[in-house]
Amino acid sequence: MLWLSEILLKRHDMSSFAELMDAVRQEAQSGEMFFRMDIKPPFNDTPDNWEDRLESVFTETGGRR
């Protein structure tokens, strides 16, 4: 299972929501089947619909929520 908090800890050099979306896309390619969003991304440009957008990136890349 892939957790959003783990991505943020592993990739602590990210500074935008767009970079987070790329990181989720890369992690989804590793074969993880499930994605859990346990915290809100801390970026200034995080949109109101951040959960839907991250879920979409994850499922489009091959994972499942």
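No value in this document is a laboratory result; all are computed from the given coordinates. Note that this is a predicted model, so its numbers are computed, not measured. Here the Cβ is made from the backbone with ideal geometry for all residues, glycine too, and neighbour counts use every protein chain on show.
Observations on the model:
- Amide H contacts under 5 Å for Trp3, placed H, 5+ residues apart: Arg36
- Note on the chain: the alpha carbon radius of gyration divided by the globular reference 2.2 N^0.38 Å gives 0.97.
- Applying the Karplus relation 6.51 cos²θ - 1.76 cosθ + 1.60 with θ = phi - 60° to segment 40-52 yields 3J(HN,Hα) values of 7, x, x, 8, 4, 9, 5, x, 4, 9, 4, 5, 4 Hz, where x marks Gly and Pro.
- Taking the longest Cα principal axis of the chain as reference, the axis of helix 17-28 is set at about 20 degrees.
- Applying a DSSP loop filter and a limit of 15 other Cβ atoms within 10 Å to the chymotrypsin sites (Phe, Trp or Tyr not before Pro) in segment 10-65 leaves Phe34.
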